[in-house]
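Report on the structure given below.
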Amino acid sequence: GEVRNRFAAANPGSRAAHDTASAVMPGGNTRTTLFYPPFPLTMAGAEGCRLTDLDGHTYVDLLGDYTAGLYGHSNHIIRKAVESALDGGWNLGAHGEREARLAAVLCARFPSLDLVRFTNSGTEANLLALATATTRTGRGTILVFEGGYHGAVLTFAGGGSPVNVPHRFVVGHYNDLDAAAALADEHAADLAAILVEPVLGAGGCVPATRAFLELLRRKATETGAVLVFDEVMTSRMSGGGMQELLGITPDLTTLGKYAGGGMSFGAFGGRRELMSMYDPRRPGAVPHAGTFNNNVFSMTAGYVGLTELFPPQVSEALFARGERLRTRLGELSTELRWTGVGSMMTVHFQREPIASARDMRPTPELNELFHLDMLHRGFHLARRGMIALSLEVGDAECDAFVEAVAGFLTDHGCHLAS
Ligand code: PLP
């Protein structure tokens, strides 16, 4: 209560902006995850790793737009690329050269990608990957995992979402090998796809074990189902994503977030024999349309970002920075558990280890307390406690954040233990 009041008093500009927005959007919101009570901050601008809100407060941005903001804010190389796209015109309604350039980089980097197609979001990429699987196999069942988030209409936290697409989903427990094997066997005859995040992102930054992903690889092959890795978040973990790090190659991969340079973006691709069904030269080709699939801004920003700003050695350095930060945070207290891989992490207010959604204790009050306290100390992260480092976050910001969390623990430690 007290923390909320302090927040409200400090942010009259954001309060007014939220009131204005609420007259024309439900709850003033068009992206549910960004809302928190009593009202969310409204940002006025951003530069590098810093955000500035309407009341003039500045925050270190540790959220990095849930991994989409890998390049930080207003990066001048991305800006130049988008400006060059502006110079050439947009809404061409025709093939351009930019999409093939980006496709070539992605196919060279991700082991599973022989052929790739573009969409406008990660949600759409996953929808198309599932459509590819159901069309090619003639089957209808999709094996997914509790805590998985594959997009607005493909949400499996808490058992599912009322707006999910009406596929026949079977929901397994993440990292539970026996249960996953049993489900795959039980549904083998109708199993079109196994869709999995190599690290649960929205579901709490929980990594899959190698054995779990290897089992899914094996079960997909055995049953004739299509294995889809949703690497919308995890593609940043190396030059070629978690699939390259682990040496486990799915049949299809979906991408999104930063891979479009921070513009609206999604991509799905994989084995030639699966993806060639979209080859319009073929008799019986399956259409895949989308007005903005090759929009010049995403195609250009994505290409320039990957080639100029995020070559594989930079992905390795970012991964190492994240690992160092998570280790330091983990050493502060046994009351908090920091899960994650590389530059993606989430704080959990529990001592018990976490291997799946089943292991997570819901702690909404502590999450709120931590989030508002961190804002007060000048750090922007997700309400649910997620961090995704951008390339702009340096040692000084990491040091300051570790100090801020230590300060939080000193001030509120008693709440945590109780
Ligand atoms: N898949 C994963 C793993 C994600 O984290 C997200 C977004 O958070 C999506 C898919 C959906 O992507 P988009 O928000 O671009 O639709």
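The values are calculated or read from the model by the stated rules, or taken from the named source; none is laboratory data. What you see is a predicted model, and the numbers here were worked out from it, not measured in a lab. Cβ: placed from backbone, ideal geometry, glycine included. Neighbour counts: every protein chain shown.
A compact table of results
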quantity: Single residue of G64, G96 found to be within 19 Å of the chain's Cα centre (by Cα), farther than 18 Å from V226 by Cβ and in contact (Cβ under 8 Å) with a residue 40 or more places away in the chain; calculated: G64
quantity: Any hit, the range 95-104, residues being within 18 Å of S264 (Cβ to Cβ), hydrophobic (A, V, I, L, M, F, W, C) and touching a helix residue (DSSP H, G or I) at 6+ places or on another chain (Cβ under 7 Å); calculated: yes
quantity: Given (1) of a type in the set (K, R); (2) touching a helix residue (DSSP H, G or I) at 6+ places or on another chain (Cβ under 8 Å); (3) surrounded by fewer than 17 Cβ atoms within 10 Å (Cβ to Cβ), number of the condition R351 does not satisfy; calculated: (2)
quantity: Failed item, numbered, when A157 is tested on (1) within 16 Å of the ligand (Cβ to nearest atom); (2) modelled with pLDDT of 95 or more; calculated: (2)
quantity: Residues of the range 196-216 classified as among the charged types (D, E, K, R) and under 14 Å from A181 (Cβ atoms), total; calculated: 1
quantity: Selection count, the range 315-324, where residues are surrounded by 15 or more Cβ atoms within 10 Å (Cβ to Cβ), over 13 Å from M386 (Cα atoms) and not charged (D, E, K, R); calculated: 3
quantity: Meets criteria (of a type in the set (A, V, I, L, M, F, W, C), within 16 Å of R109 (Cα to Cα) and touching a residue at least 40 places away in the same chain (Cβ under 8 Å)) for A225; calculated: no
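Rundown of residues vs (1) over 15 Å from L227 (Cβ atoms); (2) among the basic types (K, R); (3) touching a strand residue (DSSP E or B) at 6+ places or on another chain (Cβ under 6 Å), yes/no style:
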| position | (1), (2), (3) |
| --- | --- |
| P111 | no, no, no |
| T119 | yes, no, yes |
| G122 | yes, no, yes |
| N126 | no, no, yes |
| A129 | no, no, yes |
| G140 | yes, no, yes |
| G148 | no, no, no |
| V153 | yes, no, no |
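The rows are residues; the columns are (1) part of a strand (DSSP E or B); (2) surrounded by fewer than 18 Cβ atoms within 10 Å (Cβ to Cβ); (3) β-branched (V, I, T).
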{"site": "P37", "(1), (2), (3)": "no, yes, no"}
{"site": "E47", "(1), (2), (3)": "yes, yes, no"}
{"site": "G69", "(1), (2), (3)": "no, no, no"}
{"site": "I77", "(1), (2), (3)": "no, yes, yes"}
{"site": "G89", "(1), (2), (3)": "no, yes, no"}
{"site": "G96", "(1), (2), (3)": "no, yes, no"}
{"site": "L128", "(1), (2), (3)": "no, no, no"}
{"site": "L143", "(1), (2), (3)": "yes, no, no"}
{"site": "G151", "(1), (2), (3)": "no, no, no"}
